[in-house]
Amino acid sequence: MDVGFYAWRSRLLDEVLPWDHIDAGVTKKYLLEDYQASLRGGTRPDCREHCYACGILTAFREEQVGLAVDAWGCPPIKA
Ligand code: SF4
């Protein structure tokens, strides 16, 4: 087994990653955008001021049933 292949090599952006089966509710597209911004030295402004549709509201929609629309503190998603 080549440990370096699994532990140290650069990954392709469209590659299936070892941790892709872990679902934290945030989409891979969102994480990829954050990663690419970080390579440019950028960060996103606070999402409480502008929602980036990270995916968490969709992933955890059942947990929101019965709560106020703004219970999670996420502003309306803007295009
Ligand atoms: S405001 Fe909520 S849904 Fe929007 S990016 Fe932030 S955590 Fe995600």
Computed over the chain: longest principal axis from alpha-carbon atoms vs helix 28-39 long axis, angle to nearest 10 degrees, is 70 degrees
Using a Förster distance of 22 Å, how high is the FRET efficiency between residue 21 and residue 60, based on the Cβ-Cβ distance and rounded to 0.05?
0.80
Signed unit charges on C-beta, dipole axis of the chain, positive-most listed residue 35, 73, 56:
35
First check a/c for the range 16-79, with a ≥ b ≥ c the square roots of the eigenvalues of its C-alpha gyration tensor; if it is under 1.5, answer rounded, and if not, answer prolate when a/b is larger than b/c or oblate otherwise.
oblate
Residues meeting the amide H criterion for residue 51 (H placed from the backbone, H to H distance under 5 Å, 5 or more places apart or on another chain) are 78
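No lab work stands behind these numbers, since they all come straight from the coordinates. Keep in mind the model is a prediction, meaning the values are calculated, not measured. All Cβ positions, glycine included, derive from the backbone under ideal geometry; neighbour counts span all protein chains shown.
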